[in-house]
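Structure first, commentary second.
The values are calculated or read from the model by the stated rules, or taken from the named source; none is laboratory data. Everything quoted here is computed from the prediction, not taken from an experiment. With ideal geometry, Cβ positions are generated from the backbone for all residues, glycine too; neighbour counts draw on all protein chains shown.
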Amino acid sequence: MKPRDIALAVAIAAAWGVNFVIIDVGLGHFPPLLFNALRFTLAAFPAVLLAGRPPAAWRWVIAVALALSVTKFSLLFVGMHAGMPAGLASLVLQSQAVFTIGLAALLLRERPGRRQLAGLAVAAAGIGVVATRVGAGGLPAGAFASVLGAAAAWGLANIATRRAAPTDVLRFMIWVSAVASVPLILLSLLVEGPAADLAALRAIDGPAVAALLYVVLVATLAGFGGWGLLIRRYGASPVAPFSLLVPVFGLASAALFLGERIHRTDLLGGVLVIGGVLVGVAPVVRPLDRVAA
């Protein structure tokens, strides 16, 4: 890869890592489901009016929208709202690799190799180390379970994305966002209620707008657009390992800007998760197997 493209890949990983801090800020202003609905609605409109036809079959656009945008991000936002630290959330989400390989074996009959199995076992052990903080360690069980569920939904979305094989990642994500926007709005209205949603919108201020613009313009549109550009230039294998920098930036930025304490179990678990994913999964990832929040 050219130095400027390496710099772009690192910049995208940094933007996605910092995004967990931005999400935490946004959740201080919006109910989690409403925040997620606003993210994908604004990411889709008006961009979808200029995007042309979806670069994949409609069934896969719908499948990814439901698995990724509706389920994965809703669970992530709900989990963080319930007390999952931003930095730790960026790390636990990397367990999506374990779910991706497991679901690929179950649904696509793909047999993982020994190296994959060994790497995934190490990554799973890392998540187990992080999980020791649940309860007595001050980590809410429900919040941890929600983010782990988000990782599982991400794994399912990865399978659907691999089957979709979109020719343009950014255009694909714009259509995924558009399809997800309606069920996300309805979900927020049903679960959080019109009164809570209206109150949040009426109380919107500068930091809330800034957080929303960041997750829409930087994390979603610019992030996916740049990532797709790198994938088209070099293929998935050289690019995907840069995504392992996301939890590094996530933990560091959460400690710096939110004052989150990094526990020893976080560090040990992080080394195991990132190391296991790097060894066992990075060589076989596909274009969207690794994207961040």
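Give me the pairs, please: first residue somewhere in the range 241-268 and in a helix (DSSP H, G or I) and at pLDDT below 95, second residue anywhere and of a type in the set (S, T, N, Q) and surrounded by fewer than 18 Cβ atoms within 10 Å (Cβ to Cβ), beta-carbon distance under 8 Å, and either six or more positions apart or on two chains.
Final answer for the pair search is Thr265/Thr132.
Could you run through the range 29-47 and say how many residues are without any contact (Cβ under 8 Å) to a residue 12 or more places away in the chain and within 15 Å of Glu192 (Cβ to Cβ)? Please lay out each step first, then the result.
Keep residues of the range 29-47 that are without any contact (Cβ under 8 Å) to a residue 12 or more places away in the chain, which gives 46.
Okay, now just the ones that are also within 15 Å of Glu192 (Cβ to Cβ), so none.
Result for the range 29-47: 0.
For the list (1) under 13 Å from the mean Cα position of the chain (by Cα); (2) at pLDDT 85 or above; (3) not polar (S, T, N, Q), I need the number of the one condition that Arg133 fails.
(1)
If you check every pair at least six apart or on different chains, which have Cβ atoms under 6 Å apart with a residue in the range 175-196 that is within 20 Å of Leu27 (Cβ to Cβ) first and a residue that is small (Gly, Ala, Ser) second?
Once the first residue is within 20 Å of Leu27 (Cβ to Cβ) and sits in the range 175-196, its partners that are small (Gly, Ala, Ser) give Ser177/Ala43; Ser177/Ala44; Ala180/Ala65; Ala180/Ser69; Ser181/Ala44; Leu184/Ala37; Ile185/Ala37; Ser188/Ala37.
So, in the range 200-229, how many residues would count as being in contact with a Phe, Trp or Tyr (Cβ under 9 Å, 6 or more places away or on another chain) and either among the polar types (S, T, N, Q) or not in a helix (DSSP H, G or I) (or both)?
So the count comes out to 2.
What number of residues within the range 210-269 satisfy the criterion of being small (Gly, Ala, Ser) and closer than 22 Å to Val92 by Cβ? Can you show your working first?
Taking the range 210-269 as the starting set, the residues that turn out to be small (Gly, Ala, Ser) are 210-211, 219, 222-223, 225-226, 228, 235-237, 240, 243, 250, 252-255, 259, 269.
Adding the requirement that they be closer than 22 Å to Val92 by Cβ leaves 211, 219, 223, 240, 243, 250, 252-255, 259, 269.
So the count comes out to 12.
Quick grid of which residues meet (1) surrounded by 17 or more Cβ atoms within 10 Å (Cβ to Cβ); (2) over 28 Å from Val209 (Cβ atoms):
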| site | (1), (2) |
| --- | --- |
| Ala56 | yes, yes |
| Lys72 | yes, no |
| Met84 | yes, no |
| Ser90 | yes, no |
| Ala105 | no, yes |
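Take the residues in the range 219-270 that are among the polar types (S, T, N, Q) and within 25 Å of Ile174 (Cβ to Cβ); name whichever of them is surrounded by the fewest Cβ atoms within 10 Å (Cβ to Cβ).
Here the residue is Ser243.
Answer yes if at least one residue in the range 34-48 is among the aromatic types (Phe, Trp, Tyr), under 22 Å from Ala145 (Cβ atoms) and crowded, with 20+ Cβ neighbours inside 10 Å, and no otherwise. Outline the logic, then answer.
The first filter runs over the range 34-48 and keeps only residues among the aromatic types (Phe, Trp, Tyr), leaving 35, 40, 45.
Among the residues that remain, those that are also under 22 Å from Ala145 (Cβ atoms) are: 35.
Still in the list and also crowded, with 20+ Cβ neighbours inside 10 Å: 35.
Yes: one or more hits.
How many residues does the range 1-32 hold that are closer than 22 Å to Glu260 by Cα and in a loop (DSSP other than H, G, I, E, B)?
Total satisfying the criteria: 4.
Can you name the condition, by its number, that Ser146 falls short on among (1) surrounded by 15 or more Cβ atoms within 10 Å (Cβ to Cβ); (2) of a type outside the set (A, V, I, L, M); (3) under 30 Å from Leu230 (Cα atoms)?
Here Ser146 clears every test but (3).
For the range 93-109, what are the residues that are touching a residue at least 60 places away in the same chain (Cβ under 8 Å) and either closer than 18 Å to Val129 by Cβ or in contact with a His (Cβ under 9 Å, 6 or more places away or on another chain) (or both)? Don't jump to the end; show me each part of the working.
First pass over the range 93-109, keeping only residues touching a residue at least 60 places away in the same chain (Cβ under 8 Å): 93-97, 100-101.
Within the range 93-109, Leu93, Gln94, Ser95, Gln96, Ala97 meet the criteria.
From the list Ala51, Ala63, Ala15, Ala9, which residue is modelled with pLDDT of 95 or more, over 24 Å from Ala208 (Cβ atoms) and surrounded by fewer than 24 Cβ atoms within 10 Å (Cβ to Cβ)?
On the way: Ala51 fails: modelled with pLDDT of 95 or more; Ala15 fails: over 24 Å from Ala208 (Cβ atoms); Ala9 fails: modelled with pLDDT of 95 or more.
Only one candidate passes the filter, namely Ala63.
Could you tell me whether the range 114-125 includes any residue that is without any contact (Cβ under 8 Å) to a residue 60 or more places away in the chain and either charged (D, E, K, R) or more than 21 Å from Trp227 (Cα to Cα) (or both)?
Yes, that holds for at least one residue.
For the subset of the range 142-171 comprising residues that are of a type in the set (S, T, N, Q) and assigned to a helix (DSSP H, G or I), which member is nearest to Lys72 (Cα to Cα)? Explain how you work it out, then say what you get.
Initially, the range 142-171 is screened for residues of a type in the set (S, T, N, Q), giving 146, 158, 161, 167.
The next check asks that each one be assigned to a helix (DSSP H, G or I); those that pass are 146, 158, 161.
Values: Ser146: 9, Asn158: 11, Thr161: 14 Å.
Filtering first and then ranking leaves Ser146.
Please go through the range 37-94 and pick out each residue that is among the hydroxyl-bearing types (Ser, Thr, Tyr) and over 13 Å from the mean Cα position of the chain (by Cα).
If the condition is that a residue be among the hydroxyl-bearing types (Ser, Thr, Tyr) and over 13 Å from the mean Cα position of the chain (by Cα), then Thr41 is the only one that fits.
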